[in-house]
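Sending over a structure as structure tokens; questions will come in a sec.
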Amino acid sequence: MKSVIVTGASSGIGRAASSRLANAGYRVYGLARSYDKLQAMAGELANFVPVEFDVTKPDKFDKVLDPIIASSPSGIFGLVNNAGYVEPGAIEDLSMESIRMQFETNFFGLVGVTKKILPSMMAQKEGRIVNVSSMAGMVSLPTIGMYCATKHALEAFTEALRMELWNTGIKVASINPGIIETNIHFVTDEKVSQLKNSRFAKAYAKYLKETPRGLPSSIVADAIYDAVSTSKPKYRYLLGSAREKAGVRLRRIAPDDIIHSLVAKRVLE
Ligand SMILES: NC(=O)c1ccc[n+]([C@@H]2O[C@H](COP(=O)([O-])OP(=O)(O)OC[C@H]3O[C@@H](n4cnc5c(N)ncnc54)[C@H](OP(=O)(O)O)[C@@H]3O)[C@@H](O)[C@H]2O)c1
């Protein structure tokens, strides 16, 4: 049985991907901080091993990940780097501490887990590294710019890693969803009241009110399953509505001034 590690397995996309993979016969090590949620999943899913894990605590990586690697005699076949969150806020409204924490979770944690698991894949001369990025890794938007920055960093990492692992048997894929209906869009009352006093208050109110419901996480889970299971996975899985995909394409071809003025008006006014 092939082993796959999924980070951020307790909710949303990670939860859906874990179910998809476990039901298809993979042994899934589901990692997250909410151990109770993972344990409940283990009660429902065969082949699912719950593991309490915080991607922002690199000093604990050896203690948690070494036993997983040791208990998989044929090595770790798949790594789905999915854990992440959005902290909404314009650049001037976010503290350096919160910006660093977003990078710690969405980028540095992911880099650290990848470096830890890679030798096991190299030893087997096969594997799949599937990084859950976002359309926000291809387009940057006001009021979530720091989240976009974490995903842009991830894009650069994923692309370089893929080239560095060319012809090793380890394949690297990028998952780029648009809006998916998960808990990531939930904003606490505390956060909402912090944002009230900003010059962007109107934009935040619009963001909180208008965030569309998005596609189901099962669509992303299917793409992750494809990236793990097929012999020739795609490099990029762009997943979203036709409108979102058109927006990403337009960003690539339209002049910067036109895009920036259009988006600034749409989001901020
Ligand atoms: N939903 C969307 O619209 C969307 C679109 C594009 C990309 N994405 C990406 O998809 C990924 C999953 O997000 P989601 O939408 O499924 O959100 P979600 O439902 O909020 O799930 C996020 C997962 O990440 C885990 N996580 C957060 N911080 C962690 C940490 N420090 N250590 C370990 N696990 C941590 C959470 O578990 P615990 O809290 O239990 O630790 C949870 O399992 C993220 O990388 C996100 O950027 C989402």
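The values are calculated or read from the model by the stated rules, or taken from the named source; none is laboratory data. As the structure is a computational prediction, the values presented were derived from the model and not from experiment. Glycine gets a Cβ as well: all are built from the backbone with ideal geometry, and neighbour counts include every protein chain shown. Note: areas computed on protein heavy atoms with side chains; ligands, DNA, RNA excluded. Shrake-Rupley method; radii C 1.70, N 1.55, O 1.52, S 1.80 Å.
Between a first residue in segment 243-269 that is within 21 Å of P177 (Cβ to Cβ) and a second residue that is at pLDDT 95 or above and acidic (D, E), which pairs have beta carbons less than 6 Å apart while being 6 or more apart in sequence or on different chains?
Filtered contacts from segment 243-269: no entries.
Identify, from the list E92, E104, the residue that is open to solvent by 70 Å² or more (accessible area, probe 1.4 Å) and assigned to a helix (DSSP H, G or I).
Just a single option satisfies the conditions, and that option is E92.
Further question: Does A156 fit the bill of being hydrophobic (A, V, I, L, M, F, W, C) and out of contact with any helix residue (DSSP H, G or I) (no Cβ under 7 Å at 6 or more places or on another chain)?
When the stated conditions are applied, A156 passes them.
Quick check on my filter: what residues within segment 175-207 are open to solvent by less than 50 Å² (accessible area, probe 1.4 Å), within 14 Å of the ligand (Cβ to nearest atom), assigned to a loop (DSSP other than H, G, I, E, B) and among the hydrophobic types (A, V, I, L, M, F, W, C)?
Once the filter is applied, which keeps residues that are open to solvent by less than 50 Å² (accessible area, probe 1.4 Å), within 14 Å of the ligand (Cβ to nearest atom), assigned to a loop (DSSP other than H, G, I, E, B) and among the hydrophobic types (A, V, I, L, M, F, W, C), segment 175-207 yields I179, V187.
Could you list all residues from segment 10-39 that are near the ligand (Cβ under 6 Å from one of its atoms) and either under 14 Å from the mean Cα position of the chain (by Cα) or more than 13 Å from P50 (Cβ to Cβ) (or both)?
S10, S11, G12, I13, G14, A32
Any residue that is touching a residue at least 24 places away in the same chain (Cβ under 8 Å), within 11 Å of the ligand (Cβ to nearest atom) and hydroxyl-bearing (S, T, Y) - is there at least one of those in segment 211-221?
Scanning segment 211-221 turns up at least one residue that is touching a residue at least 24 places away in the same chain (Cβ under 8 Å), within 11 Å of the ligand (Cβ to nearest atom) and hydroxyl-bearing (S, T, Y).
Let me ask something additional. Any idea which of (1) within 12 Å of the ligand (Cβ to nearest atom); (2) open to solvent by 10 Å² or more (accessible area, probe 1.4 Å) is the one V80 doesn't satisfy?
Tallying (1) within 12 Å of the ligand (Cβ to nearest atom); (2) open to solvent by 10 Å² or more (accessible area, probe 1.4 Å), V80 fails exactly one: (2).
Right, here's the next one. Would you check if there is a residue in segment 53-75 being crowded, with 18+ Cβ neighbours inside 10 Å and within 10 Å of the ligand (Cβ to nearest atom)?
There is at least one residue in segment 53-75 that is crowded, with 18+ Cβ neighbours inside 10 Å and within 10 Å of the ligand (Cβ to nearest atom).
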